[in-house]
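Data block below; observations after.
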Amino acid sequence: MNPQADKLVRRITMVATVTASYFLLTADYGPEPNVLDPIKKSILSAQSSLKEFITGSSREEHQGSSQSSNNNAKEHP
């Protein structure tokens with residue numbers, strides 16, 4: 001196996017192991033708060049950041065800022 005493919009397989013294996021461990025550990029706790037909540041929050045944060053990067057949320061922020069300036073203009077004639 002070439003070195004790049006081997007490196008990719010190792011990384012995928014590590015990520016899969018961590019993910020499986022997380023799910024196995026949290027399966028017993030259910031929705032109650034527990035020690036793993038910070039990990040869950042960081043995973044959700046990374047997920048939302050990736051979604052924003054892919055979808056280009058800067059367009060939404062730009063539209064939101066222009067709407068707020070329009071609202072300010074309406075309030076102050």
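Quick grid of which residues meet (1) exposed (fewer than 10 other Cβ atoms within 10 Å of the Cβ); (2) modelled with pLDDT of 75 or more:
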{"site": "Asn2", "(1), (2)": "yes, yes"}
{"site": "Val15", "(1), (2)": "no, yes"}
{"site": "Ala20", "(1), (2)": "no, yes"}
{"site": "Ala27", "(1), (2)": "yes, no"}
{"site": "Lys40", "(1), (2)": "no, yes"}
{"site": "Glu52", "(1), (2)": "no, yes"}
{"site": "Thr55", "(1), (2)": "no, yes"}
{"site": "Glu75", "(1), (2)": "yes, no"}
Residue check: is Gln47 exposed (fewer than 10 other Cβ atoms within 10 Å of the Cβ) and either in a helix (DSSP H, G or I) or at pLDDT 75 or above (or both)? no
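The values are calculated or read from the model by the stated rules, or taken from the named source; none is laboratory data. Computed from a predicted structure; not experimentally measured. FYI the Cβ positions are ideal-geometry reconstructions off the backbone, even for glycines, and counts take in every protein chain you see.
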